[in-house]
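Data first, discussion second: the structure below is written as structure tokens.
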């Protein structure tokens, strides 16, 4: 019997960028704009990352996200680059443009209708999480949202533990797209479903989700139903 079919789940925890939202739609162009602006302000000549280089930092946190785009002598100034780019990103996510993958609302609604509690877990700060949760409409489709600024959180594994604590269950599953999501699930001892993507390849996942609502419903052993007017 597989880890996914061993028992019905009471909680599903989702990563956000690359799992529910198409970060590839905005991040590469945005970080190139940020690097270019930083270089101009500091009188530097910096190479602009290509899409693959930009997306390679997705799933990381803090310095691991920003420092790779700066030269060795400037890596300690990763907070300055973040301070330049983050307001632009927040504005973009709150602009009314829908960056959610097709079927995300149906997926979440179907799981909720089946009785699962839902949480978000992302290696980001509270300002970014608020922009995602509110600007992209994910708050109303989930019960809790956890980030690096959440109380008692230092790692993504801490977010999973907090979600399981508030949901009062050990019967949980993690759905994500990056190795950081898989490692967090392994640390807390829950199954991991990989949201299949072309940016990375993950081995040893307990399930592979192709993005279709009924596919994840079937993986988690529930019968979902799409809402009449998803939003």
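Miscellaneous remarks
- Verdict on residue 131 being under 26 Å from residue 91 (Cα atoms), in contact with a helix residue (DSSP H, G or I) (Cβ under 6 Å, 6 or more places away or on another chain) and not in a loop (DSSP other than H, G, I, E, B): yes
- Among the residues making up region 1-37, those that are at pLDDT 95 or above, more than 22 Å from residue 48 (Cα to Cα) and not in a strand (DSSP E or B) are 10, 15, 16, 19, 20.
- Test for residue 120: is it under 12 Å from residue 15 (Cα atoms) and not in a helix (DSSP H, G or I): yes
- Residue count for region 175-204, restricted to those that are within 15 Å of the chain's Cα centre (by Cα) and over 12 Å from residue 156 (Cβ atoms): 9.
- Residue in region 69-80 that is assigned to a loop (DSSP other than H, G, I, E, B), more than 17 Å from the chain's Cα centre (by Cα) and closer than 30 Å to residue 219 by Cα present: no
- Flag if residue 187 is in contact with a helix residue (DSSP H, G or I) (Cβ under 9 Å, 6 or more places away or on another chain), part of a helix (DSSP H, G or I) and farther than 20 Å from residue 55 by Cβ: yes
- The residues listed here are 91, 130, 114, 83; of these, the one that is out of contact with any strand residue (DSSP E or B) (no Cβ under 7 Å at 6 or more places or on another chain), surrounded by fewer than 20 Cβ atoms within 10 Å (Cβ to Cβ) and over 22 Å from residue 145 (Cα atoms) is 83.
The values are calculated or read from the model by the stated rules, or taken from the named source; none is laboratory data. Predicted, not measured: the structure shown is a model, and the values here were computed from it. All Cβ positions, glycine included, derive from the backbone under ideal geometry; neighbour counts span all protein chains shown.
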